[in-house]
Amino acid sequence: MTLSRRDFIKLIGGSALASSTLSASIFNSSKPYIREAQYYNSLGNGVVECTLCPNRCRLRDGRIGACGVRVNKNGKLNTLVYGRLCSLNNDPIEKKPLYHFMPGKNAISVATPGCNLHCKFCQNWTISQAKPDEISTQYVSPDRLVATANKYNSPIIAFTYSEPTIFYEYMHDVSKQESDIKSVMISAGFIEKEPLQKLCGVLDGIKIDLKSFSNDFYRELVSGRLDPVLRTLQTIKESGTWLEIVYLVIPTHNDDMDEIKEMCGWIVENLGPDVPLHFTRFHPSYKMKNLPPTPLKTLDNAYEIARQEGINYPYVGNVPRHKGENTYCSECGTEVISRQGFFIRNNKLEDGQCPECGHAIPGVWK
């Protein structure tokens, strides 16, 4: 369900806020979305270093970080997007995609402008690559967001669409609210270890976009690095927070089967065989409209390689009616969840147990 601007305002029970410019007025203390950032160092002479993500931006007074939403003001690092939502929708959790996390349930899904990476193939570039003053936003306090999820019987809040790392403080404050609502982050995983560990303490699930198993790919197409993302995956797994991985298969760029085999081997060795791995079909977007959609044969090959390498729960996404949409018991092969697109057709799981052999299938089922 995609909400219009009017529905957005009605849903949260608020009134419209005008989009602000990065002028002196944006630092007015009456604006609730201006907050001091949690992770930064003062380097002297008014210079600060942001320590939230591996970009480690060093900023003089008045300068904005690579994410476009963190700014040095008088020697203090401020976030410009605390609760400043540009998107709010009620989505199936399968759309994230999270397949082993409360299947069939809806998630109130939110985002602010900005991202600390710059993927040339981004599907949501109109918000992820926008500055806070370039698109319309609405302030929603943490307690109001939780109340909205309760009001619409959505048991999950998903931080998604752009990169939740850049609105870290808001995500943390929403997730620590006393509530039965679950919180999940849909992220590229380009975050430092200390803030991630703190976040894992309040989140219930995380999906990481592992964009490639090549550092050259990250450098050339993402403006990032691979190693910090691999560290993120290990940190999440060690924390016990539920983890799933998505690998968007882009023709001629990250579809080499030897590389995919190497990645699957790394996942089994470092994260275990039970972490779901989604191979998602690429569709031309943003700065990469010259490429075709991913051939189905490529996705089929990746799916089979994952199984051969010991991944118990591989999936194929963005291909409706593909066998790779469904969940099969890794012990006896029984189809336990049948899907079509983002919707559940049949769910045979009872408390995460295979109805045929009783094998416990890892996930968050309630």
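Numbers at a glance
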| read-out | value |
| --- | --- |
| ³J(HN,Hα), Karplus 6.51/-1.76/1.60, whole Hz, each residue of the stretch 329-345, x for Gly, Pro | 4, 6, 8, 10, x, 5, 6, 9, 9, 9, 10, 9, x, 8, 10, 7, 8 |
| For the stretch 85-96, Karplus couplings with θ = phi - 60° (6.51, -1.76, 1.60), whole Hz, Gly/Pro x | 7, 10, 9, 8, 9, 10, 10, x, 4, 5, 6, 5 |
| Across 182/261; 131/176; 193/237; 105/176; 207/366; 182/348, pairs whose alpha-carbon gap is larger than 24 Å | 182/261; 131/176 |
| Sequence of 263, 102, 288, 257 once ranked by neighbouring C-beta atoms within 10 Å, starting from the fewest | 257, 288, 102, 263 |
| Filtered chymotrypsin sites (Phe, Trp or Tyr not before Pro), the stretch 275-329: DSSP coil and at most 16 other beta carbons within 10 Å | 286 |
| 5 angstrom amide H check on residue 183, placed H, neighbours 5+ away | 157, 204, 205 |
| Against the rule of thumb 2.2 N^0.38 Å, how large the Cα Rg of the stretch 326-366 comes out | 1.07 |
| Three-way shape label, the stretch 94-169, alpha-carbon gyration tensor, a/c 1.5 | oblate |
| Under-5 Å amide H pairs with residue 246, H placed in peptide plane, nonlocal only | 208, 209, 210, 278 |
| Prolate/oblate/rounded label for the stretch 247-351 (Cα gyration tensor, a/c 1.5) | oblate |
| Karplus-derived HN-Hα couplings along the stretch 242-252 (A = 6.51, B = -1.76, C = 1.60, θ = phi - 60°), whole Hz, x at Gly and Pro | 4, 10, 9, 10, 10, 10, 6, 8, 9, x, 6 |
| Hits among aspartates and glutamates - C-alpha to C-alpha of residue 287 under 13 Å, sequence gap 8 or more where chains match | 220 |
| Axial C-alpha extent at least 24 Å, average Kyte-Doolittle at least 1.6 - helices from the chain (DSSP) | none |
| Alpha-carbon centroids, the stretch 76-126 and the stretch 199-213: separation in whole Å | 12 Å |
| Rg over Rh [alpha-carbon atoms, Kirkwood Rh] for the stretch 35-79 | 0.89 |
| Low-density loop cleavage sites - chymotrypsin sites (Phe, Trp or Tyr not before Pro) in the stretch 113-164, where at most 12 other Cβ are within 10 Å (DSSP) | 152 |
| Within the stretch 202-317: Cβ-based charge dipole about Cα centre, in debye rounded to nearest 20 (Lys, Arg +1; Asp, Glu -1) | 440 debye |
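Where a number appears in this text, it was derived from the coordinates with a stated rule and is not lab data. This is a predicted model, so every value here is computed, not measured. All Cβ positions, even for glycine, are placed from backbone atoms using ideal geometry, and neighbour counts span all protein chains on display.
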